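Asks: Supplied in structure tokens, the structure appears directly below.
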Amino acid sequence: PEDTVTSSFASFIRAARPEHLSPTVRQRSKRMILDSIGVGLVGSTTRVFDIALRYCRLYSSVAVSSVYGKPGVKLSPTLAAFTNGVATHSMDFDDTWHPATHPSGAILPALLAASQMLPPNTKPNGLDFLLAFNVGLEVQGRLMHFSTEAHDIPKRFHPPSVVGTLGSAAATAKLLSLSSAQCCHALGIATSLAGAPMANAATQAKPLHVGNATRLGLEAALLAGRGMEANPLILDDIPGCSGFSAFYSVYQPKPLSAPGEHHEFLLEKQDIAFKRFPAHLGMHWVVDAALSVRNLFINYAGSFSPSLIRTIVLKIPVSKYINRPFPSSEHQARHSFQFNACAALLDGEVGLGSFSESSIHRQELRELLDKVVVEHPEDNVANFDKMYGEVALLLHSGDVLTGKCDTFYGHWRKPLSKESLLKKFRSNASHVLPEEKIETIITLVDNLENLTDSSQL
């Protein structure tokens, strides 16, 4: 059918051209690609990644696609996408958009795997790769805007498992030059493969959400390219027959305008949040607030002395899965307002080492957690564009010291500088790559438009 929401998305995927990407969109998306590669590289050092890789090596028969952090190891394209997606989200260190999702990890591994899969004479160049990446971003962002429910921190489905799967399908369909009809079917197939519940947040299963999104989106595009069909109205709101609307209680889809002078990519209007440390995005507000009040405390007392503190009051949004008073594992700690606030107070920073077993179970940290009281002010909503974090120290002397953060460094309103982003990438990549390869990747991404073969990434 023509003039439907689904057909408009398929037409957009097919019609998008490199010249439709503004300099701002190109630069922002290249920052995302570089950061995501770095996050995936350091993520390849985690236990959950190792589990996923050992599983995938049982089934890898056509081994052509590379794996983050494992020189010489190759898997089939779909399993490489899956494994690299798991690496990207293994530490909850990947980028976040608004409405809330992790956009890069759901599409970049699929594009990297597909680039290596294609025959030598059909390899996409760097500009084709960049365009496909942005098509995947655009589809995710537009789908998120179909529901007001998606604007808040999620309660039902983990967003990248939903929109990320379709974003991966769209990006791969673009890279593979599928027809409009095949793009439509790829979105339909991906919808049948999408969705994961929020209950698995803060467990080793959560990284599978991103791994599956990028893998299954790639599979959807490959199936559509080989003739598989799906409902051509999958994104439309059809009364009595749920398609993509099954994921949202409120769903109001709108057609996607054709790319061109009247279409503005969402990335042009809405930048990305990059994380400075590996934890749920909400943690970045309370950490910056905690670091602020810690500085006040040191000026007050001369040093940080926990014994002077009677109560620690956290003013945070209502969000059950990241309100964890006493986390017992690294994944729970990455999803705990209380832990991240206390770790920042105790150490003056939060980083990779903050989530080690020895750090989590420190007695002095436990003593701080015992002092935490949580409050949920009505004006502090569970929305990454509106929320704030506040940490108040009630001292035995009767004095009260308060730190507040409404926009952390790395948020789209306060983006990381080029120097900060490069510092993060170099630090992450150094866990598995020598310096010369790290600098090569930086150069390749920075000059992606001029790369003749994107599989070199």
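The values are calculated or read from the model by the stated rules, or taken from the named source; none is laboratory data. Here the structure is a predicted model, which means the values were calculated and not measured. Counting neighbours? That spans all protein chains shown, and the Cβs are built from the backbone with ideal geometry, glycine included. When the accessible area is computed, the model is the full protein with side chains, heavy atoms only, and any ligands, DNA or RNA have been set aside. Shrake-Rupley method; radii C 1.70, N 1.55, O 1.52, S 1.80 Å.
Matching residues to (1) open to solvent by 30 Å² or more (accessible area, probe 1.4 Å); (2) among the aliphatic types (A, V, I, L, M); (3) assigned by the TED database to the domain that holds residue 330; (4) part of a strand (DSSP E or B):
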residue	(1), (2), (3), (4)
359	no, no, yes, no
366	yes, no, yes, no
374	yes, yes, yes, yes
381	yes, yes, yes, no
391	no, yes, yes, yes
397	yes, no, yes, no
401	no, yes, yes, yes
411	no, no, no, no
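Asks: Which pairs have Cβ atoms under 8 Å, sit 6 or more apart or on different chains, and link a residue in segment 191-215 that is farther than 23 Å from residue 229 by Cα to one that is buried (at least 22 other Cβ atoms within 10 Å of the Cβ) and of a type in the set (D, E, K, R)?
Replies: That search, which allows pairs on different chains as well, returns 200/206; 202/334; 206/92; 210/94.
Asks: Which of (1) among the aromatic types (Phe, Trp, Tyr); (2) open to solvent by less than 10 Å² (accessible area, probe 1.4 Å); (3) without any contact (Cβ under 8 Å) to a residue 60 or more places away in the chain is the odd one out, the single condition residue 133 does not satisfy?
Replies: Result: residue 133 passes all but (3).
Asks: Could you please tell me which pairs satisfy a Cβ distance under 9 Å, a separation of 6+ or placement on different chains, a first residue in segment 79-99 that is at positive phi, and a second residue that is in a helix (DSSP H, G or I)?
Replies: Qualifying pairs under 9 Å: 92/206; 92/207; 92/283; 92/331.
Asks: Out of curiosity, is residue 178 open to solvent by 10 Å² or more (accessible area, probe 1.4 Å), in the same structural domain as residue 39 (by the TED database) and either at pLDDT below 95 or assigned to a loop (DSSP other than H, G, I, E, B) (or both)?
Replies: Yes: the conditions hold for residue 178.
Asks: So, one more: Please enumerate the residues belonging to segment 16-30 that are open to solvent by less than 40 Å² (accessible area, probe 1.4 Å) and assigned to a helix (DSSP H, G or I). Before you say what the answer is, go through the steps one by one.
Replies: Taking segment 16-30 first, the residues open to solvent by less than 40 Å² (accessible area, probe 1.4 Å) are 16, 18, 21-22, 25, 29-30.
Correct list: 18, 25, 29, 30.
One line per residue, one yes/no per condition, for (1) over 20 Å from residue 204 (Cα atoms); (2) surrounded by fewer than 19 Cβ atoms within 10 Å (Cβ to Cβ); (3) without any contact (Cβ under 8 Å) to a residue 60 or more places away in the chain; (4) of a type in the set (Phe, Trp, Tyr):
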position: 297; (1), (2), (3), (4): yes, no, no, yes
position: 312; (1), (2), (3), (4): yes, no, no, no
position: 317; (1), (2), (3), (4): yes, no, no, no
position: 325; (1), (2), (3), (4): no, yes, yes, no
position: 330; (1), (2), (3), (4): no, no, yes, no
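Asks: Residues that are open to solvent by 60 Å² or more (accessible area, probe 1.4 Å) and out of contact with any Ser or Thr (no Cβ under 9 Å at 6 or more places or on another chain): does segment 182-190 have at least one?
Replies: The answer is no, given that none of the residues of segment 182-190 is open to solvent by 60 Å² or more (accessible area, probe 1.4 Å) and out of contact with any Ser or Thr (no Cβ under 9 Å at 6 or more places or on another chain).
Asks: Is there a residue being part of a helix (DSSP H, G or I) and over 21 Å from residue 96 (Cα atoms) anywhere in segment 424-435? Before the answer, list the steps.
Replies: Step one: list which residues in segment 424-435 are part of a helix (DSSP H, G or I), which gives 424-429, 435.
Narrowing further to those that are over 21 Å from residue 96 (Cα atoms): 435.
Yes, because at least one residue in segment 424-435 is part of a helix (DSSP H, G or I) and over 21 Å from residue 96 (Cα atoms).
Asks: Let me ask something else about it. Looking at this structure, is residue 280 part of a loop (DSSP other than H, G, I, E, B) and at pLDDT 95 or above?
Replies: yes
Asks: Can you say whether residue 239 is touching a Leu at 6+ places or on another chain (Cβ under 7 Å), open to solvent by 20 Å² or more (accessible area, probe 1.4 Å) and outside any helix (DSSP H, G or I), as far as the supplied structure shows? Reasoning before the result, please.
Replies: Numbers: touching a Leu at 6+ places or on another chain (Cβ under 7 Å): no; open to solvent by 20 Å² or more (accessible area, probe 1.4 Å): yes; outside any helix (DSSP H, G or I): yes.
Spelling it out, it is not the case that residue 239 is touching a Leu at 6+ places or on another chain (Cβ under 7 Å), open to solvent by 20 Å² or more (accessible area, probe 1.4 Å) and outside any helix (DSSP H, G or I).
Asks: Quick one: is residue 35 open to solvent by 50 Å² or more (accessible area, probe 1.4 Å), among the charged types (D, E, K, R) and in a helix (DSSP H, G or I)?
Replies: Values: open to solvent by 50 Å² or more (accessible area, probe 1.4 Å): no; among the charged types (D, E, K, R): yes; in a helix (DSSP H, G or I): yes.
In short, no.
Asks: Yes or no: residue 272 among the β-branched types (Val, Ile, Thr) and more than 24 Å from the chain's Cα centre (by Cα)? Can you show your working first?
Replies: Numbers: among the β-branched types (Val, Ile, Thr): yes; more than 24 Å from the chain's Cα centre (by Cα): no.
Answer is no for this residue.
Asks: Sticking with this one: Take the residues of segment 259-295 that are of a type in the set (Asp, Glu) and not assigned by the TED database to the domain that holds residue 317: which is surrounded by the most Cβ atoms within 10 Å (Cβ to Cβ)? Step through it out loud before you land on a result.
Replies: First, the residues of segment 259-295 that are of a type in the set (Asp, Glu): 261, 264, 268, 271, 288.
Next cut, not assigned by the TED database to the domain that holds residue 317 only: 261, 264, 268, 271.
Numbers: 261: 6, 264: 13, 268: 14, 271: 18.
Checked segment 259-295; the qualifying residue surrounded by the most Cβ atoms within 10 Å (Cβ to Cβ) is 271.
Asks: Residue by residue through segment 53-76, note down the ones that are of a type in the set (A, V, I, L, M, F, W, C) and under 21 Å from residue 430 (Cα atoms).
Replies: 53, 67, 73
Asks: Considering only segment 192-216, how many residues are among the polar types (S, T, N, Q) and either in contact with a strand residue (DSSP E or B) (Cβ under 7 Å, 6 or more places away or on another chain) or surrounded by fewer than 24 Cβ atoms within 10 Å (Cβ to Cβ) (or both)?
Replies: Looking only at that region, the number is 4.
Asks: Using the structure shown, decide if residue 100 is surrounded by fewer than 24 Cβ atoms within 10 Å (Cβ to Cβ) and within 19 Å of residue 162 (Cβ to Cβ).
Replies: On the way: surrounded by fewer than 24 Cβ atoms within 10 Å (Cβ to Cβ): yes; within 19 Å of residue 162 (Cβ to Cβ): yes.
It is true that residue 100 is surrounded by fewer than 24 Cβ atoms within 10 Å (Cβ to Cβ) and within 19 Å of residue 162 (Cβ to Cβ).
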